[in-house]
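Notes to accompany the following structure.
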Amino acid sequence: MVSDEVHLVDDGERGPTLEVTLAKLRQLNPDLQTVALSATIGNAEALAEWLDAALVDSDWRPIELKKGVHYGQALHLEDGSQSELSVRNSEKPTAAIVRDTLEDDGSTLVFVNSRRNAEAAAGRLASTVEPHLTPGEKEQLAEVADEIRDVSDTDTSDDLADAVEGGAAFHHAGLASGHRSLVEDAFRDRLVKVVSATPTLAAGVNTPSRRVVVRDWRRYDGTAGGMQPLSVLEVHQMMGRAGRPGLDPYGEALLIANSHDELDELFERYVWADPEPVQSKLAAEPALRTHILATVASGFANSREGLLEFLEQTLYASQTTERGRLERVMDDMIEYLERNEFLERDGDDLTATSLGHTVSRLYLDPMSAAEIIDGLRAWKRGEGRARAESATPAADAPAADEEPPGFTTAGELADDADEDEQADRPDPTAMGLYHLVARTPDMYELYLRSGDEEEYQMLAFEREEEFLGSMPSEFDPAFEDWLSALKTARLLEDWASEVDEDEITDRYGVGPGDVRGKVETAQWLLGAAESLAGELGLGLAPAIREARVRAEHGVREELTDLAGVRGVGRKRARRLYQAGIEDRADLREADKSVVLGALRGRERTAETVLENAGHRDPSMDGVDPDASARPEEDGDAGAGGDDAAEPDEEEDQSSLGDF
């Protein structure tokens, strides 16, 4: 087995999964030979010992890497050498390095500490790059810029295209996947000469370059309340991007100092330093409760003793110095899983319930599953429609020594299920379901910006009857998170109500990639909610499915069937609907001239759509578009860019990835 980038066991999100996977595979096959690879790890001996592996330590690299710091008018390299790299009048050091690299026919990757800085840097550096572009390169870059604008009808897309026309680009998580692919391809093809990126994407940017510049070595840390230095591991990961095999004689990675003291500090802190030791993140409760349930549900352990025996084979167990902590956390998580009826315990024996198997199969955080189940059950009982009052507890409110409402078990909720499920309750709304999944630990909520709290309080009170579960009091510390989930839910509702993408990105201060991320997570969680509702016999699966499909395609209820045809998407579905074609069956039997008119005379697009719908004769040979079916907003490319491409360009508009 080969485990690449094994230092990712230190990652708070992905690390526990990698660690548990490695431990399980090694226990399943004691003779397994493991090859674990990393270029940046500070305690390689400890990892090798945990894996029963021999440490092979090599400084070989396919291309020589020179590390150093730019200060003043010179490069100061780790071997003690210096070379002139002058900063001209009114020129920033980063621009000077990019210019110097271009004069040697090289490319530059610049790491900055925020999306805004990445976008601003690309805009400025385009003016540095443009004089070095040939007429042929400018022509090719203009074509790439047009493709970028086709991906998304947003300001972010326009800003990126403008920078690319000048030979520069930015790269961060707010971009759509189509944006990132176009930037990476153009950079590898040596058309784009400089890319500014955020540190969080250092490991994912498959774009080696002649030079790497770590412009910002501090970033904002909310837990610390201010700017904090990046880790050595992160900076070395960025530096490792320097040097293109087969193209560059060497790679050069530089930090930028603003004073002589900072020059010395950067050498000590990063250039000459070893990466920090890798530490297991398995003991974090979300990770441990997920993996304990998975370990029992998969049959890998069927008793408390067996579970503890397995966990003692993990990296965490080999690193902890606190005796008994792993066992205590494990017991707490077993109790939580048992109380929510994901696990059953008979003495020392542990068994996953049917519900527990479903949760594990869906790869949900069990706390997310408990939140979803609680909300769905509350809706069936007719509860949670009114705001929780804070001044005087209700007569049936839990006493101070009882478990809080969030710890309600599926079994307790099921006690009155037979009677509850007879209640004549309407289906929950899409907004209610979006808010339910948005408040789970598996969804990254949008932040409340200045002025948002009052706006979303008003929205909460206006629509409180739609929420699944009780709304906290505005004096409850949990209320702010609840409102953040509401903001996230409203973004999803806007998307599913066919609000234009550029309006959504402006309204919520996010990029097109963020919209896609929220929608994809919501699709997954709503799919899980649909499975859980079916498992519990709640009769809510159809309503959940409709909310999920609306989010998937970004359409109102009446377009869900039509938008599901490959090649249609949200804008084309609306145009076809306005032309009298309301569903897949209508499209299959539609008059071809009407389809061609609704799709603005684009023959190849119309043929593709009809073929995907199963039309008996999708050919558009000799077909004239029906002028009465042509959309009124003829000059509007629309969100999703359905018609932004050339008339005969075939494109897939069926998924959010192409909006």
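Brief remarks on what is shown
- Residue check for F300: touching a Pro at 6+ places or on another chain (Cβ under 8 Å) and touching a residue at least 40 places away in the same chain (Cβ under 8 Å): no
- Residue that is surrounded by the fewest Cβ atoms within 10 Å (Cβ to Cβ), among those in region 504-519 that are touching a residue at least 40 places away in the same chain (Cβ under 8 Å) and among the charged types (D, E, K, R): D506
- Failed item in (1) assigned to a helix (DSSP H, G or I); (2) farther than 17 Å from V183 by Cα, with N113 passing the rest: (1)
- Exactly one residue out of A273, A173 is farther than 24 Å from G106 by Cβ, within 24 Å of the chain's Cα centre (by Cα) and surrounded by fewer than 21 Cβ atoms within 10 Å (Cβ to Cβ): that is A173.
- From the list L562, L610, the lone residue that is surrounded by 21 or more Cβ atoms within 10 Å (Cβ to Cβ), over 30 Å from D427 (Cα atoms) and at pLDDT 90 or above is L610.
- The condition of being out of contact with any strand residue (DSSP E or B) (no Cβ under 9 Å at 6 or more places or on another chain) and crowded, with 21+ Cβ neighbours inside 10 Å holds for A23.
- Annotation note: Cβ proximity below 8 Å between a residue of region 40-51 that is part of a loop (DSSP other than H, G, I, E, B) and a residue that is of a type in the set (S, T, Y) (sequence gap 6+ or interchain) occurs for L51/T34.
- For L540: the one exception among (1) surrounded by fewer than 21 Cβ atoms within 10 Å (Cβ to Cβ); (2) within 28 Å of D374 (Cβ to Cβ): (1)
- Some residue of region 426-445 being more than 25 Å from A485 (Cβ to Cβ) and either at pLDDT below 95 or assigned to a loop (DSSP other than H, G, I, E, B) (or both): no
- Matching residues in region 234-270 - criterion: being of a type in the set (A, V, I, L, M) and surrounded by fewer than 22 Cβ atoms within 10 Å (Cβ to Cβ): L247, I256, A257, L263
- Annotation: of all residues in region 54-81 being in contact with a helix residue (DSSP H, G or I) (Cβ under 8 Å, 6 or more places away or on another chain) and without any contact (Cβ under 8 Å) to a residue 60 or more places away in the chain, the one that is farthest from V2 (Cα to Cα) is D57.
- Any chance D506 is touching an Asp or Glu at 6+ places or on another chain (Cβ under 6 Å), farther than 14 Å from H435 by Cα and in a helix (DSSP H, G or I): no
- Some residue of region 348-358 being farther than 30 Å from F461 by Cα, at pLDDT 95 or above and in a loop (DSSP other than H, G, I, E, B): yes
Condition check ((1) of a type outside the set (S, T, Y); (2) under 34 Å from the mean Cα position of the chain (by Cα); (3) buried (at least 19 other Cβ atoms within 10 Å of the Cβ)) across all residues:
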residue	(1), (2), (3)
E49	yes, yes, no
P62	yes, yes, no
G68	yes, yes, yes
G72	yes, no, no
K92	yes, yes, no
V110	yes, yes, yes
N113	yes, yes, yes
G123	yes, yes, no
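- Residues of region 12-29 classified as out of contact with any Lys or Arg (no Cβ under 7 Å at 6 or more places or on another chain), more than 17 Å from E309 (Cα to Cα) and in contact (Cβ under 8 Å) with a residue 12 or more places away in the chain, total: 2
- Those strands (runs of 3 or more DSSP E) of region 143-251 in which at least 1 residues are among the charged types (D, E, K, R), considering only elements entirely within it, cover 211-214, 218-221.
- Qualifying residue in region 292-299 (condition: buried (at least 20 other Cβ atoms within 10 Å of the Cβ), within 32 Å of the chain's Cα centre (by Cα) and of a type outside the set (A, V, I, L, M, F, W, C)): yes
- Only one entry of L293, L282, L311 meets the criterion of being at pLDDT 95 or above and not polar (S, T, N, Q), and that entry is L293.
- Selection status of G534, outside the structural domain of D159 (by TED's automatic domain parsing), assigned to a helix (DSSP H, G or I) and free of Cβ contacts under 8 Å to residues at least 40 places away in the same chain: yes
- Residues satisfying the stated conditions in region 52-69, i.e. of a type in the set (V, I, T) and under 23 Å from S83 (Cβ atoms): I63, V69
- Of the residues making up region 460-490, those that are of a type in the set (K, R) and either closer than 21 Å to Y444 by Cα or outside any loop (DSSP other than H, G, I, E, B) (or both) are K487, R490.
- Of all the residues in region 566-607, those that are under 20 Å from Q523 (Cα atoms) and surrounded by fewer than 24 Cβ atoms within 10 Å (Cβ to Cβ) number 2.
The values are calculated or read from the model by the stated rules, or taken from the named source; none is laboratory data. What you are looking at is a predicted structure, and each value in this text was computed from that prediction instead of being measured. Every residue, glycine among them, receives a Cβ derived from its backbone with ideal geometry; neighbour counts consider all protein chains shown.
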